[in-house]
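Notes follow once the structure below has been shown.
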Amino acid sequence: MNDALQIAGASFLLVGALLSLVAGIGLVRFPDVLTRMHAATKPQTMGLVLMAIGFGLVVREWPVWGALVLAVLFQFLTAPVAAHMIGRGALRTGQVRLPLYEDPGVSADARDDD
């Protein structure tokens, strides 16, 4: 049982680290603010959750689990707020291309009527 938990914990740590690495690469490689904002929040948060689970499985002590749960909750509370503020700042400073979405089924005349 001990070896199985060690292997599972190491697997969670590895997958979480890879997701965090992908998030870091996305921050550097993506072309605009909105895609970078996505890369900074979604895979990084999931990577942190997986690494916290893996670390908890390896250490297996209740105080460690408590700290990990607090860290994950803090990340879940702050990542969406930070992404929202980054997107809002980018929109206000003109860094976002508008319109964000165009329906191909709507003609240009119908869009001008709004």
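No lab work stands behind these numbers, since they all come straight from the coordinates. This structure is a prediction, so every number in the text was calculated from the model and none was measured. Every residue, glycine among them, receives a Cβ derived from its backbone with ideal geometry; neighbour counts consider all protein chains shown.
Candidates (1) 21.3, 66; (2) 18.6, 57; (3) 19.9, 68; which is the computed Rg and Dmax of the Cα atoms in Å? Step by step, Rg and Dmax of the Cα atoms in Å for this structure corresponds to label (3). Seen against the Cα atoms of the chain and their longest principal axis, helix 62-92 is set at about 10 degrees. Which net charge results when you count Lys and Arg as +1 and Asp and Glu as -1 among the other residues whose beta-carbon is under 14 Å from that of Pro43? Charge balance in the 14 Å sphere: +3. Hey, what angle do you get for helix 33-59 against the long axis of the chain, alpha-carbon based, 0 to 90 degrees rounded to 10? For helix 33-59, the angle is close to 10 degrees. Note the angle between two axes, namely the Cα long axis of helix 2-29 and the longest principal axis of the Cα atoms of the chain, as a number of degrees from 0 to 90, rounded to the nearest 10. Once rounded, one gets 30 degrees.
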